[in-house]
Amino acid sequence: MPQRRYTPDRLPEATPPNLPATLRTAVLPDHDLDDEGTYRGLDFVDLDLSERRAPSVEFDGCHFTGTGLGGCELDKAAFVDCLFENCNLANLKASDATLRRVRVSVTRLTGFQWINGALRDVAFEGCRLDLSTLRFSQLTDVVFRDCNMTRVDFTNADLGRARFVDCVLAGAQFSHANLSGTRFTRCELVDIDGVTSLRGAVVEEHNLVALAHTLAAGLGIVIDSGPGH
């Protein structure tokens, strides 16, 4: 597949997952998570897979609906061409893991940890990502839309090809992150940390008012309210 040419003017969008026309129903214990397990073309419906520890698992062309993966430890996992709808991924932990052509819709990811990972062509829509961590991760054509991302941690992440639309990013951490080319549309950007890393980001004009005090504090500027204040 030829590489798409990237230009700063192009809004990043996520290529949707390519799911098989027919999926087999996943059942337990046959399709429980095992170390280095491979799962292809499966439909995970209302299954409880929480609190598993299964490094190097691979999911290809799978659909997750109402399924719980909360508290799992999935280091070096790979999810390719997968769709998550109304799932629970809260406190899932993974390092050196991959998401590629994945869509996550109306899913709880509070406390989600994806550290030093790769995300390419991923869309999060209507999700709770509060207190989540994507430190040191590479995000390529990733879109967050209508998500609660309060106090999300993007320390040292590469967000140059990420887009945020209608998201709450209050208290987000961007220290040492690359945001050159990152786009924020109708987002709440208050009390963020690492504000100097916003150099090169594209922000709507009305957001600058909310950012003013945070930017001033980050640059060590003292705001004088004038006489009598």
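Just so you know, all these numbers are worked out from the coordinates, no wet-lab data involved. Computed from a prediction, not measured in an experiment: that's the story for all the values here. Methodologically, a virtual Cβ is constructed for each residue, glycine included, from the backbone with ideal geometry; neighbour enumeration extends over all protein chains shown.
For this structure, a couple of remarks:
- Taking (1) within 29 Å of residue 150 (Cβ to Cβ); (2) touching a Ser or Thr at 6+ places or on another chain (Cβ under 9 Å); (3) of a type in the set (Asp, Glu) in turn, residue 36 satisfies each apart from (1).
- Condition check for residue 102: surrounded by fewer than 20 Cβ atoms within 10 Å (Cβ to Cβ), aliphatic (A, V, I, L, M) and either farther than 17 Å from residue 119 by Cβ or within 16 Å of the chain's Cα centre (by Cα) (or both): no
- Members of the stretch 192-206 that are over 20 Å from residue 145 (Cα atoms) and not polar (S, T, N, Q): 193, 194, 195, 199, 200
- The residue that is surrounded by the most Cβ atoms within 10 Å (Cβ to Cβ), among those in the stretch 34-91 that are among the aliphatic types (A, V, I, L, M) and over 19 Å from residue 120 (Cβ atoms), is 69.
- In summary, residue 186 fulfils each of the numbered conditions (1) farther than 22 Å from residue 82 by Cβ; (2) in contact (Cβ under 8 Å) with a residue 40 or more places away in the chain with the single exception of condition (2).
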